[in-house]
Amino acid sequence: VQQGWFNLFAPGGADDRRLMKYRLFFADERGRPCTLTGQKNVLHGPPTRIWPDTSTLYTRILEGHVEEEQEEDAPVLGAGVLEIKLTDFARQLTTFRTSGPDGALALAGFGKFFAGELWEVYGPDLG
């Protein structure tokens, strides 16, 4: 990967929808530029949807280094669905690292943000 972006809980067009958006610029085995683009759809529904929605990434591999506004016209080299297993996610959580005097506080803040966004989408309709 030469360059990449990740948008966590980006607006999804409705108050009860968020997107997790991925864009990675890389080179294939022959050195040709490619882009992996993907998104997770985080949609309002029962809490049982949290895991499937946040662990399923719908992807496409595009020819060239393609910005979001260029995607529609980019040649598609491949497409698929990536899923992370719960045990792999648990192992991934052990890799989080922080530094500096407020590192642990920053990590806790991230956890609070993540849980809060999930509550906004999957929590009960109170209005």
Item to check | Inter-probe distance in nm under a simple model that places probes 7 Å from Cα toward Cβ, at Ala10 and Phe113 | outcome: 1.6
Checklist outcome for this item: One finds the C-alpha centres of region 75-101 and region 13-61 to be spaced, in Å, by 11
Item to check | Pair Arg91, Gln70: separation of 7 Å Cα→Cβ label points (nm) | outcome: 3.6
Checklist entry - What percent do you get for the relative contact order of region 50-96 when only Cα pairs under 8 Å and 6+ apart count? => result 41
Checklist entry - Taking θ as phi - 60°, what are the ³J(HN,Hα) couplings along region 59-66 by the Karplus curve (6.51, -1.76, 1.60), each to the nearest whole Hz, with x for Gly and Pro? => result 10, 9, 9, 10, 6, x, 8, 10
Checklist outcome for this item: Amide H proximity to Arg17 below 5 Å, modelled H, separation 5+ or other chain, gives Gly12
Checklist entry - So, by mean Cβ neighbours within 10 angstrom, what's the order for 35-46, 100-111, 63-74 with the highest one leading? => result 35-46, 63-74, 100-111
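Read-outs throughout are calculated quantities, based only on the coordinates presented, and are distinct from any laboratory measurement. Quick caveat, the model's predicted, so the values are computed rather than measured. Please note: Cβ atoms are built from the backbone with ideal geometry, for glycine as well, and neighbour counts cover all protein chains shown.
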